[in-house]
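See below for the structure under consideration.
The values are calculated or read from the model by the stated rules, or taken from the named source; none is laboratory data. Since the model is a prediction, treat every value here as computed from it, not as a measurement. Ligands, DNA and RNA are stripped out before the accessible areas are found, and what is left, the full protein with its side chains, is counted by its heavy atoms. Shrake-Rupley method; radii C 1.70, N 1.55, O 1.52, S 1.80 Å.
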Amino acid sequence: MRHAIEDLRRNPASNEGPPELDPSFLNKIERHSEDASTEQLREKWGRVVAAEVRKPGTVTPMVMRIVDELSAATAALFEELCAHRLGNTVPVC
């Protein structure tokens with residue numbers, strides 16, 4: 001939670017009032033964060049919680065599974081791919 005609070009301080013939520021987080025989200029994030037054995041993993045799950053606080057309902061169980069299984073290198077490659085998309089398409093070379 002410390003990492004989520006730090007992330008929210010850097011980039012505050014735009015919604016008014018406290019968010020209502022889905023209990024199923026809280027159960028799933030608790031299981032994932034319990035397994036976070038490194039500081040890097042704790043930071044990652046903190047960012048996930050902060051994203052859900054900013055816009056409740058956007059972090060689905062599928063997103064949490066992807067975040068859990070995605071390596072940092074693959075995530076960086078995916079970000080680079082998304083930066084080069086045109087509208088909703090990715091050019092194929």
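Of the residues ARG54, ARG42, ARG65, the one that moves most in a GNM of the chain with alpha-carbon contacts below 10 Å is ARG65. Annotation for region 55-82 versus region 4-37: alpha-carbon center distance of 15 Å. Only Cα pairs within less than 10 Å get springs; with that Gaussian network setup on the chain, which residue of ALA76, ALA50, ALA36 has the largest fluctuation? It is ALA76.
I'd like the carbon and sulfur percentage of the solvent accessible area for the chain, probe radius 1.4 Å, heavy atoms only, ligands and nucleic acids excluded.
Numbers: 4040 of 7120 Å².
That fraction is 57 percent.
Going by accessible surface with a 1.4 Å probe and the largest first, CYS93, CYS82 read CYS93, CYS82.
The sum of -39500 (n - 2.57) across all DSSP H runs of n ≥ 4, divided by the residue count of the chain, sets its helix-only mean residue ellipticity at 222 nm to -19000 deg cm²/dmol.
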